Every structure is written in C-alpha cells, then in structure tokens.
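**Q** Here's a structure for you.
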Amino acid sequence: EYLCHVYLRNDGLAGVVIADNEYPQRVCFTLLDKVLDEFSRQVSKLDWPSGSPATIDYAALDGYLSKYQVQSWHG
C-alpha cells in the first residue's frame with residue numbers, strides 16, 4: 001500500500017519519501033533532489049553527521065512538503 005523512495009547522493013546525504021502507491025515515483029525523486037540540493041547549500045557539510053532538528057534549522061522542508069502533498073492524482 002505504501003512505497004519507500006530512497007535517494008542516496010555521492011556526498012553521503014540521503015533522503016526518504018514514504019508515499020502511497022498512487023503517488024508518482026518521478027515526483028518523489030524530484031522532491032528528494034530539490035530538498036537535498038537546497039539542504040546541502042544551506043547547511044554546512046560539517047554539521048550533517050551530528051545534526052538534529054534541534055541544531056539544524058532547515059525551514060524550507062515544510063514548504064516543500066506542503067507543495068508536494070496532494071489529496072489525489074488525476075492523470
């Protein structure tokens with residue numbers, strides 16, 4: 001019923017999208033690519049291994065999740 005889409009970049013940064021099986025795979029990887037690219041520009045690579053929501057402020061994620069969340073897909 002749900003699929004787990006995982007994107008691991010060469011720089012060690014990774015992202016995961018869990019979506020129902022009707023959500024387009026292409027859209028999941030577009031979202032992952034955009035989020036990881038922007039995150040890597042905004043957050044120092046030195047902070048990635050030890051970072052947490054308490055120590056890293058990446059406010060753009062909420063906007064991406066709202067933009068890519070849909071109630072239903074037509075087409």
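**Q** Enter the accessible area of Y68 (Å², nearest 10), with the probe set to 1.4 Å and all protein chains included.
**A** Here the accessible area works out near 30 Å².
**Q** Compare S66, S52 by solvent-accessible area with a 1.4 Å probe and give them largest first, with all protein chains kept in place.
**A** Numbers: S66 85, S52 45 Å².
Correct descending sequence by accessible area is S66, S52.
**Q** Residue by residue through segment 44-49, what is 3J(HN,Hα) from phi via Karplus (6.51 cos²θ - 1.76 cosθ + 1.60, θ = phi - 60°)? Round to whole Hz and write x for glycine and proline.
**A** These are the phi-based 3J(HN,Hα) values: 4, 4, 5, 8, 4, x Hz.
**Q** Calculate, for Y58 and Y7, the FRET efficiency according to 1/(1 + (r/R0)^6) with r their C-beta to C-beta distance and R0 22 Å; round to the nearest 0.05. Write down the numbers at each step before the final one.
**A** Numbers: r = 16 Å, r/R0 = 0.74.
FRET efficiency, Y58 to Y7: 0.85.
**Q** Which value, to two decimals, describes the C-alpha radius of gyration of the chain once divided by 2.2 N^0.38 Å?
**A** With N residues counted in the chain, Rg over 2.2 N^0.38 Å equals 1.19.
**Q** Can you pull the accessible area of E22 for me, 1.4 Å probe, Å² to the nearest 10?
**A** Near enough 140 Å² of accessible area.
**Q** Under the rule of at least 5 residues apart or a separate chain, name every residue whose amide H is placed under 5 Å from the amide H of L13.
**A** none
**Q** For the Cα atoms of the chain, what angle does the longest principal axis make with the long axis of helix 25-42, in degrees from 0 to 90, nearest 10?
**A** Its long axis makes an angle of about 20 degrees.
The values are calculated or read from the model by the stated rules, or taken from the named source; none is laboratory data. Please read these numbers as outputs of a predicted model, since none were measured by experiment. No Cβ is skipped: glycine too gets one built from the backbone with ideal geometry, and neighbour counts run over all protein chains shown. These accessible areas exclude ligands, DNA and RNA; they are computed on the full protein's heavy atoms, side chains included. Shrake-Rupley method; radii C 1.70, N 1.55, O 1.52, S 1.80 Å.
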